[in-house]
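**Q** I have a structure I would like to understand better, so I am pasting it below and will then ask my questions one at a time.
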Amino acid sequence: MTKLIMGNWKMNGDRALVSTMIAAIKSAISQKKSRVQVVVSPPFPYLGLLKQTIGEANIGIGAQNVHTQLSGAFTGEISVNILKDWDTTHCLVGHSERRSHFEETDELVQQKAKLLLEHQIQPVICVGETLEQRESGQHEATVIQQLTVALDGMSSENLAQCIVAYEPVWAIGTGKTATEAQANQMHQVIRNTLAEQATETIAKAIFILYGGSVNAKNADSLLQQSDIDGCLVGGASLKPEDFSQIIQACP
Ligand code: PGA
C-alpha cells in the first residue's frame, strides 16, 4: 500500500529551504520503487513559492491551519478559499500546538475538517494524548473522544477523504518516540473507531499517520508496522537529507 509522508515545518524555514527541500524530495521519490506520497506544509507565505517549485511533480501542498469563515474581517487569518487559490491539497487540523496555544477544541476541529472537505482539501486530523493521560490509562479514551467529536455528523463519503495523524503530545519535539508497539496499537484503536463511524472498508483505506519525534533512524521500524500508513514529521522535515531518508524508509 502507498505510504504518506507529511512534513510540518511549523513556524520555521525560509525561501531557500523551499528549493533545497523540493529538490531533495524529487530525487528521493525518483529513486523509490514502492509508492509514496509526500506532502510539505510550510508557513503560509511560502505556499505560492512551494507550488511554483513543485511544478508538475507529484508532491502535495499542505497548510498548517485554516479559519472557519470563508472571508472577512479576520486580521491575520487564512481562509479555505485562499488555500484553494494556492492549490493546497492537505491541511492540518487540531495539531496539539494549536490545541494548547490557540484553544482549538474538538468541535472546532470538526468544523474545520468539514469546511476543508467541502473545498476538496484533505483534512489531516491530529489526535493524541498527554503524558498524564497515558500514565493514568486514559490514552485510548482520550484519542477515541477527540476523533469521535471531530468526525461527528460526517458522511462516510467525506470520512473516506480524511487523514488521521496520531501524535502523542509527550512525543512531539521531545526526542521521545512512542515504541512501534505503542503506536501501532493506538493506530488499531483509531482504525476501529473509524470503522464504527463509517465502514471497515473505508477505515482500512484511510491513512493513519504517526507523528512525534520521527527521524531518519526510527522511521524504518515505525513504517514497518501493520497499521502505520505514514508519518507526520516536524523537526526532521526541515532537514532535506533526513526527510529524504524518511521517504526512502517507506517499505
Ligand atoms: P516532531 O513534530 O517531529 O518535531 O516531534 C511532529 C509534529 O508536531 O507534527
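**Q** Given (1) free of Cβ contacts under 8 Å to residues at least 12 places away in the same chain; (2) under 18 Å from Leu194 (Cα atoms); (3) within 16 Å of the ligand (Cβ to nearest atom), where does Glu104 come up short, assuming only one miss?
**A** Among (1) free of Cβ contacts under 8 Å to residues at least 12 places away in the same chain; (2) under 18 Å from Leu194 (Cα atoms); (3) within 16 Å of the ligand (Cβ to nearest atom), the lone unmet condition for Glu104 is (2).
**Q** Within region 208-219, does at least one residue satisfy the condition of being away from the ligand (no atom under 15 Å from the Cβ), under 15 Å from the mean Cα position of the chain (by Cα), modelled with pLDDT of 95 or more and of a type in the set (Val, Ile, Thr)?
**A** There is no residue in region 208-219 that is away from the ligand (no atom under 15 Å from the Cβ), under 15 Å from the mean Cα position of the chain (by Cα), modelled with pLDDT of 95 or more and of a type in the set (Val, Ile, Thr).
**Q** Within region 127-143, is even one residue surrounded by fewer than 17 Cβ atoms within 10 Å (Cβ to Cβ) and hydrophobic (A, V, I, L, M, F, W, C)?
**A** Yes, some residue in region 127-143 is surrounded by fewer than 17 Cβ atoms within 10 Å (Cβ to Cβ) and hydrophobic (A, V, I, L, M, F, W, C).
**Q** Among (1) under 21 Å from Asp220 (Cα atoms); (2) surrounded by 15 or more Cβ atoms within 10 Å (Cβ to Cβ), which single condition is Gln146 missing?
**A** (1)
**Q** Now for a different question. I need the full set of residues from region 29-72 which are hydrophobic (A, V, I, L, M, F, W, C), within 21 Å of the chain's Cα centre (by Cα) and within 23 Å of Ile125 (Cα to Cα), in order please.
**A** Selection gives Val36, Val38, Val39, Val40, Phe44, Leu47, Leu50, Ile59, Ile61, Ala63, Val66.
**Q** Which residues, counting only those in region 208-235, are without any contact (Cβ under 8 Å) to a residue 40 or more places away in the chain and surrounded by fewer than 24 Cβ atoms within 10 Å (Cβ to Cβ)?
**A** Asn215, Ala216, Lys217, Asp220
**Q** Output the residues belonging to region 228-251 that are in a loop (DSSP other than H, G, I, E, B) and over 15 Å from the mean Cα position of the chain (by Cα).
**A** Across region 228-251, the qualifying residues are Lys239, Ala249, Cys250, Pro251.
**Q** A follow-up question, please. Being touching a Lys or Arg at 6+ places or on another chain (Cβ under 7 Å), more than 16 Å from the ligand (Cβ to nearest atom) and under 22 Å from Gly128 (Cα atoms): is that true of Ala198 here?
**A** no
**Q** Right, something else. Would you mind finding the one in Ala181, Ala150 that is closer than 24 Å to Lys204 by Cα, out of contact with any strand residue (DSSP E or B) (no Cβ under 6 Å at 6 or more places or on another chain) and more than 16 Å from the ligand (Cβ to nearest atom)?
**A** Of Ala181, Ala150, the one residue that is closer than 24 Å to Lys204 by Cα, out of contact with any strand residue (DSSP E or B) (no Cβ under 6 Å at 6 or more places or on another chain) and more than 16 Å from the ligand (Cβ to nearest atom) is Ala181.
The values are calculated or read from the model by the stated rules, or taken from the named source; none is laboratory data. Keep in mind the model is a prediction, meaning the values are calculated, not measured. Note: ideal-geometry Cβ built from the backbone for every residue, glycine included; neighbour counts use all protein chains shown.
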